[in-house]
Structure formats: structure tokens, C-alpha cells
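First comes the structure, then the notes that go with it.
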Amino acid sequence: MDGSTAPQRRLGKTAWWTVAGVAAVVVVLAVLAVATLGGGAPAGRNEAANASAPGSAAVTQAATATATAGASGPSAAGGSGSTVTTGPTGTGTAGTPGGGAPNGTLDLCAAVDFGPVAGLGAAATQPAAGDHTDKSDYTSYTCDRPFTGDGLQIAADVTALVGVDATGASRRFADARANAPAGAAGIAGVGSSAFGYQIGDGTVRTYQLWALDGRTQLGVRLKVTSAAAGSPGTDRLRDTAAAVARSAIARLHT
């Protein structure tokens with residue numbers, strides 16, 4: 001009885017060690033497999049991220065270059081919005097104020113001849129200076145020049161209200177005529193229609209002329225300050241303003 005059971009115990013102990021060894025090997029293999037698989041996934045994501053980063057940077061750089069070229073291209077090439085057409089001041093090549101919104105397309109000072117003003121006995125003290133202001137349906141261009149003589153000062157201002165069409169210009173001209181002070185009188189031979197009037201008396205007087213030509217309403221204002229006898233009277237101021245306006249209208253169409 002004792003002899004038969006002893007070998008069975010030794011056989012059982014060997015079997016258990018064998019099972020334990022196999023189990024240990026399985027555990028080790030399982031741990032290695034988990035470690036290998038677990039470490040592989042982050043490596044794959046990092047490689048994907050690293051592979052996509054240069055592509056994204058290239059796309060971003062390409063988009064930036066395209067946007068920059070689009071923003072600077074028209075200006076460098078002189079495209080729409082970058083060209084201003086003007087004539088050299090004093091030559092009379094002002095260009096025709098045509099089109100819808102003539103912002104920056106007219107050099108009014110190039111169309112204005114202030115010679116008749118100097119004929120009143122005063123010399124220009126500064127070069128003519130021009131500017132423009134955009135309105136809702138027209139652009140207001142100005143050209144100003146001061147003159148000084150013996151006891152005489154004249155501020156000569158020319159204004160061109162260039163509208164998008166003749167209808168609007170006619171309406172503005174009619175409003176100016178309706179709101180003119182008493183004594184306003186028509187002036188022949190200037191544009192399609194013109195009138196003028198004087199404001200003030202004595203040492204400070206202002207003569208204002210308004211003329212209509214197509215879609216342009218042209219104004220000439222002569223402000224005279226003089227305490228000297230023989231300073232230009234109303235008729236002479238009217239004729240001077242008319243000469244300036246007539247010449248400007250003719251040059252605006254060259």
C-alpha cells in the first residue's frame with residue numbers, strides 16, 4: 001500500500017512542476033506580447049503625426065503665398081484700384097470726368113487757369129492745391145489758390161461736383177439756383193446754364209458762380225478783401241469768374 005502510493009506522489013509532483021513551468025512561459029509570452037502591442041500603437045500615431053506635419057506646413061505656406069500674391073498682385077501690376085489718372089498741373093490735360101464714381105480720376109487743378117484772377121491786380125502767392133471728397137452720388141473736387149496785391153487779397157476757389165449722371169447734376173444745379181440769394185443773375189456762354197451773385201459789401205466781398213455742364217456742376221468763388229480804392233467791382237468779378245469757369249469746362253473735355 002505504502003509502496004504503491006509513493007511513486008504516484010512523485011509523479012504528481014513532477015506533473016505540477018511541469019504545469020507550473022508551462023504556465024510561467026505562457027505568462028512571460030503574454031507579457032511580452034502585451035508590451036509589444038501596447039508600445040506599437042503610440043509609435044504608429046507619432047509616425048503618422050510626423051508624416052502629416054510637413055504636408056500641413058506646406059499647405060499652409062502655399063495658402064499664405066497665394067493670399068499674399070493675391071493681395072499684392074493688382075497693386076504691383078497696376079490693376080483695378082491702384083491707378084490714378086491725373087494730368088500734370090498747369091497743362092490743361094485733366095482728363096474727362098467720366099464713369100460712375102470718378103474718385104481719383106480727375107485733376108481739377110490741371111483744368112483751371114487762374115490767369116484771369118491775376119488780371120485783377122494780384123499775384124499768386126502759393127501753388128494751386130487740389131483735393132476731393134466722395135459723396136453718395138457724386139465726387140466733389142476742389143482747387144484753391146491765394147492771390148495778393150497792393151492792398152488786395154483774393155482767395156480763388158474752384159469746385160467741380162461730378163455726379164454719376166446728368167440728371168443728378170441738373171437737380172443739384174436747380175437746387176443751388178433756387179436757394180441763391182436775391183440778386184442772382186444768369187450768365188451766358190458758360191456751360192449749358194450758369195448764374196452768379198455777390199455776397200457782402202465794402203472791404204470783404206465774395207462773388208459765386210455756378211455753371212452746369214453735363215453731369216458736372218462747376219463753381220468759381222472769388223473772395224476779395226481790399227480797403228484800397230479801385231478794387232474790382234461786381235461786374236469785373238463776374239467776368240473773371242466766368243472766364244475761369246469757361247476755360248475749366250473746355251479743358252475738362254480734352
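The values are calculated or read from the model by the stated rules, or taken from the named source; none is laboratory data. Just so it is clear, the model here is predicted, and its values are computed rather than measured. Cβ coordinates were reconstructed from backbone atoms using ideal geometry, including for glycine residues, and neighbour counts include every protein chain displayed. These accessible areas exclude ligands, DNA and RNA; they are computed on the full protein's heavy atoms, side chains included. Shrake-Rupley method; radii C 1.70, N 1.55, O 1.52, S 1.80 Å.
Quick one: count up the residues across the stretch 104-118 that are under 31 Å from the mean Cα position of the chain (by Cα) and either in a helix (DSSP H, G or I) or among the charged types (D, E, K, R) (or both).
6
What strands (runs of 3 or more DSSP E) completely inside the stretch 126-170 contain at least 2 residues that are modelled with pLDDT of 95 or more and touching a helix residue (DSSP H, G or I) at 6+ places or on another chain (Cβ under 6 Å)?
138-149, 152-163
Mind counting the residues in the stretch 89-109 that are modelled with pLDDT under 95, open to solvent by less than 50 Å² (accessible area, probe 1.4 Å) and under 28 Å from L237 (Cα atoms)?
The qualifying residues number 6.
List the number of the failed condition for R177; all other conditions in (1) surrounded by fewer than 20 Cβ atoms within 10 Å (Cβ to Cβ); (2) farther than 29 Å from T105 by Cα hold.
Here R177 clears every test but (2).
Residue-by-condition table, conditions (1) among the hydroxyl-bearing types (S, T, Y); (2) crowded, with 17+ Cβ neighbours inside 10 Å:
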{"residue": "D131", "(1), (2)": "no, no"}
{"residue": "T139", "(1), (2)": "yes, yes"}
{"residue": "G149", "(1), (2)": "no, no"}
{"residue": "Y197", "(1), (2)": "yes, yes"}
{"residue": "L209", "(1), (2)": "no, yes"}
{"residue": "L222", "(1), (2)": "no, yes"}
{"residue": "A229", "(1), (2)": "no, no"}
{"residue": "V244", "(1), (2)": "no, yes"}
